[in-house]
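Report on the following structure.
The values are calculated or read from the model by the stated rules, or taken from the named source; none is laboratory data. This one's a predicted model, so the numbers in the text were calculated from it and none came from an experiment. Quick reminder, even Gly has a Cβ in these numbers, built from the backbone with ideal geometry, and neighbours come from all protein chains shown.
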């Protein structure tokens, strides 16, 4: 991947990071409000759960984008962390934060019975020392 392409992806990823960080609509929905009506309380509980899930997904995506920016800095962006092959330009255009080629991503999804997140998170994009956080702190 050329330096110009990496810089173009850096701009795209930074813009996505700013977009994710600026979006805090779900934080308002997390507030716990009590109601005497059970139906209202149940409705708020469901909305709160959805907001927490959206927030967790957004946080995971932020971590993936940050990992991709780190790979640009260290010169490994565009290289599959599973097999060290170059990730196709078409895939990079569709998923700029990806750290896996399509073959490795499909293998991981089969191993894990499907993608772990709808936007395709990959443990390989998360630093090894932080992978334990995914299974503990960020599941709601």
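Here are the numbers:
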| quantity | calculated |
| --- | --- |
| Inter-residue pairs, beta-carbon under 6 Å, first closer than 20 Å to residue 84 by Cα and in the stretch 1-15, second not in a helix (DSSP H, G or I), 6+ apart | 1/78; 6/77; 9/96 |
| In the stretch 58-103, residue farthest from residue 1 (Cα to Cα) [restricted to those that are in contact with a strand residue (DSSP E or B) (Cβ under 8 Å, 6 or more places away or on another chain) and surrounded by fewer than 15 Cβ atoms within 10 Å (Cβ to Cβ)] | 85 |
| Scan of the stretch 35-47 for residues that are touching a helix residue (DSSP H, G or I) at 6+ places or on another chain (Cβ under 6 Å) and either surrounded by 17 or more Cβ atoms within 10 Å (Cβ to Cβ) or in a helix (DSSP H, G or I) (or both), ordered by number | 47 |
| Unique residue being on the phi > 0 side of the Ramachandran plot and either modelled with pLDDT under 80 or surrounded by 14 or more Cβ atoms within 10 Å (Cβ to Cβ) (or both) when the list is 113, 54 | 113 |
